[in-house]
Every structure is written in structure tokens, then in C-alpha cells.
Amino acid sequence: MATYLEKFKRASALNRRSFVRAGAAATVALAAGGSLVACSSSQEDDLAATGDNSASAETEGVWVTAACWHNCGGRCLNKALVKDGVVVRQKTDDTHEDSAEFPQQRGCVRGRSQRRQVYAEDRLKYPMKRKGWQPGGGEASNGAMRGKDTWERISWDEALDLVTGEMKRIKETYGNRAFFLDSWTMNGEYARVFGLFGGFINGWGTCSFGNYSLTPQNVGYSIAGGFETSNDRFDFENVETVFMLGVNPAWSSAGMGTNILRTAKDAGATFIGVDPVYNESYSVLDAEWVPILPGSDTAFLLGVVHSMLEQDDNGSLIDWDFLDKAVLGFDADHMPGGVDPKENFKDYVLGTYDGQPKDAAWAETHCKVPADRIRQLAVELGRDHKVAMLTSWGVARTNNSDNLPQLYMILGAMGGHMGKSGHMTSVACHVNFGNHGPSLVKAGGNGLEAIPNPENDYVNDVQVWDMVLGKPYNYTGQSNDGIEWLPCEMRQADIHMIFHGGGNRLQSRQGIIQGIEAHRKVDCVVAATTFFTNNAKYADIVLPVNTEWEREGGFLSGNREMIIMYRQVIDSMYESKDDQWIVTELGKRLGLDANVLYPFGRKQQLFNMAAGATVAKESGVSASGMANPFTDDGSLNADSDYEMLVTITQEDIDRWGVEGTPQEGRIPLAQLEEDGIYQIPRSKGDNYGFIAFEDFVKDPAANPRDTSESGKLEAYSQALADKVNGMGYVDNVKPIPTFMEPVDGYEATFADFAAGVKGEFPYQVVTMHYMGRSHTTFGNTGVLQEAFVSPVMISTQDAAAEGIKTGDTVMLTSRYGKTLRTAEVTGRIIPGCVGLMHGSWSDYDEETGIDRGGSDNILFGNATAGQGTTGFNTMIVSIEKVDEELVPDCDKPRRTVEV
Ligand SMILES: Nc1nc2c(c(=O)[nH]1)N[C@H]1C(S)=C(S)[C@@H](COP(=O)(O)OP(=O)(O)OC[C@H]3O[C@@H](n4cnc5c(=O)[nH]c(N)nc54)[C@H](O)[C@@H]3O)O[C@H]1N2
Ligand SMILES: Nc1nc2c(c(=O)[nH]1)N[C@H]1C(S)=C(S)[C@@H](COP(=O)(O)OP(=O)(O)OC[C@H]3O[C@@H](n4cnc5c(=O)[nH]c(N)nc54)[C@H](O)[C@@H]3O)O[C@H]1N2
Ligand SMILES: [Mo]
């Protein structure tokens, strides 16, 4: 199989240096540290070693639509030129001319590096077993050697027998709750086999959404996450001010995000970015930067609300009519029945009863935004201005910000920035950035029925390692979709197997050091993955999984206007296998019904998705068009706003060799296969516009919100307070938005906050989603490591105080761990806070307790807060200069395994 690599080396047309230059020109992303290192050598040289360069680019071969499947929020069109079974080039969308109205779905530097990831020398090649491990549990598992042992190559049969042997033994001895299945989603591939085998404990968390996970759906905002809160992208040209509270599409919403904001820019809008970092998006939009400390946005927004109340002159800033009709609990006259009117939001802000006005000066002490600027912002966000208020989940990936989404929504309501053209109170990040509304085109389901988990047991991310180590955890139901939720029941488990079936938990979640300890405790750890990630490094059995390029195909979408159908590009590399094959083989050995696990294969699944794809009728989609367009018997509802996307003939069905029925649709299946994408052509004034909250704002009584008990926007939500407090982590969440001092926030950097005496960990950290990676994915791709060096950003003032210069090695120490990174001294981060790029691979030395990888989650432990929040942007550290030169990431040896 190594011939693939050989062929690839020969065929490679992309020279590493030219890539770095192209990357620099094509993105605005290099500013954070791009010039810090010049790698002297890198594994990527092997791609260029043949003497090929971009001038002699290959043109022969077949272009195949190739997956770009990582969780970055982009999901853009990627095409691979395949010659003799090898990918020799990549390109992106050229299926139609590019225009602002009908933009191409162009890939970014990560997507364009995809073949380097697929062909990387550190791909897992064979099933492997840790030498010191034997099945049977106890002494035989020799758990203390996890992460230190040597490995041996084993056959697939041996690997699968070992895993299922342990599964049977553990189930018999300890029952199904002895399995912790670390699966991507509740219905991921491995959940099928573990579900059918009797169940398992699964993880859940507020990982991406932060406190947008459970708050929005009680207060009248959105179901979860803040979807359906932006207007249609074309409406950005009607916006006068774009207020960005921690928003960075240039890095973290690839695809159309930044261009959508350019629409507003070109139409003359001004931009304000309130953020610990002057990020690339603010830079490209020429935004005014208002530096703020991380995790302090609640205090800041309370200050803005206070200032708006203070400066409002008979409705000059505040839309009192709307508050009167549409908001519960804003003031004493609008309280729910049976509640003391003194508990209202306005009096809390004014400090009427607690003696502490949450005014601009008070806010400044907690967030560091100057009081004058807060007062001015209250005017700029007033009802006279057309404002798009945008924020991200990142702002709420902070401890004790459970009320933040509610507060943000109420501020938007005060300024009247909802339900009208030019006004938005929106979450803007990840997919669908600045472009909400019902999907205009969507793939069908794959036809597989979910297999339930009979144990129905879930542990929050912040307690997973505690649980494995035998401590109690708060069982609160299945809370990932934020709908099904139960009051806390304390549970305990006796975990004997950790099965990693997707994701990279031991790197991408907090508490790496505690996680290693937990891994060493159990009988057996299995990791099904593609690289020697932390999950694999601390395992006993490693199952090499292939990539989406090596599978039948699938569908992707990153915005409402398009779907991508990608196909198999190459054969499986080495001995790697598709997860579904692995699940099937595990099932056979466990005596499970193959017809339940997978009644049909990947090809039929893909066909079903294509056959079930629907597209908005030209007449447009109403808000209710969000509902399923199919009737219970699976046929298209003629009254729905959708029609079938593809025409399928009997010849198509025969050609695919699948089961199906011919159907009429908008485009032939062959066209979707050829283009690999279907994108709705859009133009200004078409029927696909969307104004979030439109009906509600027009007539709140007639169109109640289905996301609150009262049908109104709730400044007072007893249900929210009861829910979050009922989860058992905290008891201080109030029905109205209040300031709660965050665990590991700014105040915690002081030994004595009132006296201004700093403590042991005087700095805060933000961990940003980085251009050069999708979380930890691509964290081992040399060209990206070279172009995006993942520095630690330190403000000029702090650097001077600590004697640190750009290029110095800096140690960050938290109460949980220590990590080393190269400093980038910059004026682009607020003093008192350092910026670490999320997802850098840890390189942890147990002897010294120091990580040489700049890993964010070495610094995090398992502090519980609010709704079980993963507060990735609230952490405190000390920083010091260290006399050690770090090897640049791109020059480090690859994590390959000798077998
Ligand atoms: N400090 C800090 N931590 C964070 C964040 C932060 O902002 N700061 N952000 C958080 C957020 S929002 C998220 S979403 C998480 C993401 O955390 P993860 O979901 O863990 O994301 P990745 O690091 O990309 O890991 C994906 C892994 O899955 C493997 N993989 C890919 N495809 C397949 C497949 O088909 N089958 C199998 N078996 N494996 C596959 C890849 O090789 C890779 O190792 O990180 C969170 N962690
Ligand atoms: N390139 C790339 N893109 C990605 C990802 C990736 O790993 N790489 N991950 C994807 C995923 S899964 C997710 S969930 C999204 C996440 O996307 P977001 O939730 O938008 O998260 P970030 O991009 O980390 O942060 C956005 C901005 O918030 C700022 N910020 C951080 N903390 C605070 C705070 O407390 N207050 C304020 N006011 N601002 C703050 C950061 O400095 C940054 O400028 O990104 C997606 N996009
Ligand atoms: Mo995420």
C-alpha cells in the first residue's frame, strides 16, 4: 500500500513554500504570528522532494467532489483531481461564475490542504495493541503504562476479537453501565453497536454553544444555539451599525461569513468589535475595537442597559411600546402573576433595592470597557439606529454566563433590533453565519433508524473524568439538544471500558491531565481514529479509521443555500477501515443482528439522502417551512414549500444498484453527481428573504414565541432559573439576568478584588478557534503548522511588565497544568489577558508536568458552573519567560508509531 505515498510524492504538484505564500495572500489570517518561525525542514518536504512545483501542475485525471467534512463551520466545495488512483491536485468551486449575489462556495487553506492530511505519513496504518496490555482486567491491563508503552501490529481479526472479548467480559461482570462510549453524537456509528449490545454511558456538554445550549429555549429566544435570529444575508446592506460582541468569521466561519459583512461595509455601515482580541474580522472590516476582558460580558451589557435607561428621553433610545407588548418581567408593571414586583429586571439594573446600580462605572470595574464608552454605546445601540447586534457562542463559553443570552436578547428588544429590516439581535458564528432562515435546499435522511441506548445515561463533559475515577456525577437527562432535561439525580458508575468512537476528547476537552489518570484506571481503552491523537496514545487497542475520501460519499452543508454531495475519491489507505465496517464486524462477534445494525450499506444510504433531498419552491419558504416537508408515510407534502431536488430514473437506480423508485425533481441525479453541489441561485429581492422574529414583532399576542412559557421574551424566567439551578451545579441563577462572579474569571485573578491586590494567577486566557486548524484536526499538518504557528498572544504592556519579547518561550501555569508556547507580543489583545489558539496538540512531559505543545486544555480542569458549562474562555494563569527554545510545531517529528 505504501505505493500510494510513493505515487503521491511523484505526482505532488504543490510546493511547500509556494503554499505558504498563497496562504498568506489568500487569507487575512497570518497576522497572528505568521512571521514567528520559518521552518527549516518539515515532513511536507517529502511532497515537494520530487522536484515538482506549481508551475507544472497536473491537468490530467478525473475531478471528483471530495469531502471537506471537519467541524469548522465552513464545509465548502472541494474537488480532487484523481489520476491513477491518486489525488494529484485540488481545486474549489468553479461550477459557476462568482458574484456577490450567487457566490461560489470556495474552500479555505484547511480544505485545500486536505490531501496532505489524507496522505500524511502519520496516518494510522494498522490495528495496534499496546504491548503491556492483556485482556481480563486488573493487573493484566497494566494501566499505568498507558501513554508510555510500546505497540505491536495486530490483524483486524485479533483486534476485533480482543475488543469484543472485553466487551462481553465487562458486560457480564459489571453490566452495561461499565462502558463509557465517547461517541460524537448520540447516534454515532459506535452508539449503534453499544446500543444493541444493551447500552452505555454517553457524554454530553455545552461544548460549542456554551450557555446558548440551555438558555435560549426558556426565555423566548430560539430553540438552542441562537439559530433563526439573523435576517437573510441580503438584509445586511440595510444595516447602519454592525455591533460585534466576540465575532470572528474570518477565522471561524469559512465560506460566506466575512463576505456577508462586506455587504454591510460596502453599503457604508460602521463596525464595532467588543472583544478581548482585535481579531482578523475587525481588521478586515476596519471595525472600532472596544477591548473587553473575557467572561465579563454580562457586566458589560448590564452597564449598557443601565446607560440606555439613564439616557433615554421618552423613548429616544428605548422601544417602550415593544417592551410593553412583548417582554415579561422588564419592570414592576410587567411581572408574572404571583411574583414580588420588586424582583423585576429594571430595578435590579437601577439598584433600586440592592443599592448597587449596575451603571457604566460599576461595569467598568468588572469588564474594563471605559464607562464613557459604555454610555456612548448605549446611544449607538438605541432605536434610532439600524443595528445588527451579532454575537458568538464563544462569548458564552464562559463560566456563570447562564443569563447572558437572555440579557443580550433583552438589550436587543430595548433597542428595537428585532423583526425589522436592518435590525438583528443574532448569534453569528459557525455555519449559516449572518444568513439565517429555513434551509433552501437540504439532503434527505440516510434511511437508517436510530438505535436507542437502553441505559439512557449521560454524563456532562465537565464530569466525565471524575465519573471514570469513581466520583458522583449529576445526571440531568439528555441535554445536548436542550429540550429533554431532568432535575439532577446524583449517580455513580464503575467504568471498565473507555471506547473512543469519534472526536478527540482527551485533547479537545478540558482536563487532559485528569483524563490521563482516568484512562489509566480502566480495564480497556479502545480508540477508533485516523491519527495517533491523544485518544489513541493512551489507549490499548487502536483501530485505524479511514477518511471520508475513502468512503462511498455523503452530504454536507454550511449554509442554507447549498448542499454538497461528495463521493469516494481514493481507496482506503493502508489497512484503515470505515467505521460502519468496524461496527458490523464488532456486531458479528457480539452476536448482534446485522440487519438492525445496518440493514443496507453506504451506497443505499447515500442514494436515500439524494433521493430525499428537497429544495425550496420558487415561490419561497415561509417560516413554517422549517418543518419537515414530508408526511408521515414519507411522501412529499404537496402543500409544503419544498419540491424534490433530484429526478431519478429507473436507469439511475439500476446504475447505482440500489433500491428505489423513480421520481420527478428539479435536476437529474447525474447532474448532482457531476457538479457535486446544488446551490440556489439568489438575487436581491428574491422570494427567499428572511427577517428573524418578524411575525412576533408585528403582533406578539397573535404570534407567541414557542420558546417561553408566556409566549413573550422573558426578562424574568422562573423556568430558566429552576432548570439551571435544578441541574445541581449552582444555586445562584436568577430568573432575571444578573451578574454572577465567574469561576476562574477576572475577579479570581485577584487575591483581594476590592483592594486591587493580584493573586497567584493574575492573567486571564481566551482560547480562540484558529484559522490553521479545525479544533485539533489539521494540528499535525505541516504546511498549516508552518503558516499558522499558533502563538500565545501577550499584550505589549504585560510583555513589558514580564520582560517578554516576541519569540520568547513563555510558560502558562494554571491551577491544573502548565504549557509552553512562543510569545507574540501585540497590541491586539487586552492587557491582563493572553490568547491561546484552540486545539494545538499536547506534548506532555509527565516527569516535569510541562506540556511543550501549547495545548489549551492542559490548562483547564473540571470546574463545574451553571448549566454544566465548558467555560473555555474563563481560565486564569500566571505567565513567565522560560529560557528554552521551542522546536516549531512544523519541525517536530510526526507522531508515528513504531511497530
Ligand atoms: N480550550 C478549548 N477547548 C475547546 C474549544 C475551545 O474553544 N477552547 N472548543 C470546543 C468546541 S466548540 C468543539 S466543537 C470541540 C471539538 O472537539 P472534537 O470533536 O474532539 O474535534 P477535533 O479535535 O476536530 O477531533 C475530531 C477527531 O475525530 C477524528 N475523526 C474524523 N473523522 C472521523 C470518522 O469518520 N470516524 C472516526 N472514528 N474518527 C474521525 C479525527 O481524526 C479527530 O481526531 O472542541 C472544544 N474544545
Ligand atoms: N478555523 C476554524 N473555524 C472554526 C472552528 C475551528 O476549530 N477552526 N471551530 C468551529 C466550531 S465547532 C465552533 S463551535 C465555532 C465557534 O465559533 P465562535 O463561537 O465564534 O468562537 P471563536 O471563534 O473562538 O471566538 C469568536 C470571538 O469571540 C472572542 N471571545 C472569546 N471570549 C470572549 C468573551 O468572553 N467575550 C467577548 N466579548 N469575546 C470573546 C474571541 O476573541 C473571538 O474573536 O467555530 C467554528 N469554526
Ligand atoms: Mo464547536
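The values are calculated or read from the model by the stated rules, or taken from the named source; none is laboratory data. Quantities reported herein were computed from a predicted structural model and do not represent experimental measurements. Heads up, the Cβs are rebuilt from the backbone with ideal geometry, glycines too, and the neighbour counts pull from every protein chain shown.
Data table
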{"item": "Hits in the stretch 260-279 - residues which are of a type outside the set (A, V, I, L, M, F, W, C) and surrounded by 23 or more Cβ atoms within 10 Å (Cβ to Cβ)", "result": "GLY273, ASP275, PRO276, ASN279"}
{"item": "Criterion violated by ILE512 - all others in (1) surrounded by fewer than 24 Cβ atoms within 10 Å (Cβ to Cβ); (2) in contact with a Gly (Cβ under 8 Å, 6 or more places away or on another chain); (3) β-branched (Val, Ile, Thr) satisfied", "result": "(1)"}
{"item": "Residue satisfying condition, being crowded, with 19+ Cβ neighbours inside 10 Å, more than 11 Å from ligand 2 (Cβ to nearest atom), assigned by TED's automatic domain parsing to the domain that holds ASP856 and within 23 Å of HIS366 (Cβ to Cβ), within set SER790, SER842, SER795", "result": "SER795"}
{"item": "Of the criteria (1) closer than 27 Å to GLN679 by Cβ; (2) surrounded by fewer than 23 Cβ atoms within 10 Å (Cβ to Cβ); (3) more than 16 Å from ligand 1 (Cβ to nearest atom); (4) of a type outside the set (A, V, I, L, M, F, W, C), which one SER208 fails", "result": "(3)"}
{"item": "Flag for ARG815 being among the basic types (Lys, Arg), surrounded by fewer than 19 Cβ atoms within 10 Å (Cβ to Cβ), modelled with pLDDT of 95 or more and more than 16 Å from ligand 3 (Cβ to nearest atom)", "result": "yes"}
{"item": "Residue check, ILE292 away from ligand 1 (no atom under 16 Å from the Cβ), touching a residue at least 40 places away in the same chain (Cβ under 8 Å), in contact with a helix residue (DSSP H, G or I) (Cβ under 7 Å, 6 or more places away or on another chain) and not assigned by TED's automatic domain parsing to the domain that holds ASN432", "result": "no"}
{"item": "Filter result for the condition that a residue is of a type outside the set (Ser, Thr, Tyr), touching a Pro at 6+ places or on another chain (Cβ under 7 Å) and either assigned to a strand (DSSP E or B) or more than 16 Å from ligand 3 (Cβ to nearest atom) (or both), over VAL783, VAL743, VAL766", "result": "VAL766"}
{"item": "Residue that is farthest from ligand 1 (Cβ to nearest atom) [pool: residues in the stretch 845-867 that are among the hydrophobic types (A, V, I, L, M, F, W, C) and buried (at least 24 other Cβ atoms within 10 Å of the Cβ)]", "result": "ALA865"}
{"item": "Residue among ALA518, ALA539, ALA527 that alone is more than 16 Å from ligand 2 (Cβ to nearest atom), free of Cβ contacts under 8 Å to residues at least 40 places away in the same chain and of a type outside the set (D, E, K, R)", "result": "ALA527"}
{"item": "One residue from SER113, SER99 being hydroxyl-bearing (Ser, Thr, Tyr), at negative phi and within 16 Å of ligand 2 (Cβ to nearest atom)", "result": "SER113"}
{"item": "Hits in the stretch 295-327 (condition: within 16 Å of ligand 1 (Cβ to nearest atom) and surrounded by fewer than 23 Cβ atoms within 10 Å (Cβ to Cβ))", "result": "none"}
{"item": "Subset of the stretch 750-775 that is charged (D, E, K, R) and more than 9 Å from ligand 2 (Cβ to nearest atom) - its residue that is farthest from the chain's Cα centre (by Cα)", "result": "ASP752"}
{"item": "Condition met for ILE260 (assigned to a helix (DSSP H, G or I) and among the β-branched types (Val, Ile, Thr))", "result": "yes"}
{"item": "Residues that are within 16 Å of SER635 (Cα to Cα) and under 33 Å from the mean Cα position of the chain (by Cα), drawn from the stretch 646-682", "result": "VAL646"}
{"item": "All positions within the stretch 359-395 that are crowded, with 24+ Cβ neighbours inside 10 Å and more than 16 Å from ligand 2 (Cβ to nearest atom)", "result": "ALA360, ALA378, VAL387"}
{"item": "Residue list for the stretch 504-541, filter: touching a Lys or Arg at 6+ places or on another chain (Cβ under 8 Å) and assigned to a strand (DSSP E or B)", "result": "VAL525, PHE531, ILE541"}
{"item": "Evaluation of GLN604 against (1) without any contact (Cβ under 8 Å) to a residue 40 or more places away in the chain; (2) surrounded by 14 or more Cβ atoms within 10 Å (Cβ to Cβ) (one fails), failing number", "result": "(1)"}
{"item": "Strands (runs of 3 or more DSSP E) completely within the stretch 116-230 that count 3 or more residues being touching a residue at least 24 places away in the same chain (Cβ under 8 Å) and over 30 Å from PRO893 (Cα atoms)", "result": "179-182, 201-204"}
{"item": "Which listed residue is touching a Gly at 6+ places or on another chain (Cβ under 9 Å) and within 15 Å of ligand 3 (Cβ to nearest atom), from ALA250, ALA224", "result": "ALA224"}
{"item": "Verdict on LEU411 being within 28 Å of MET875 (Cα to Cα) and in contact with a helix residue (DSSP H, G or I) (Cβ under 8 Å, 6 or more places away or on another chain)", "result": "yes"}
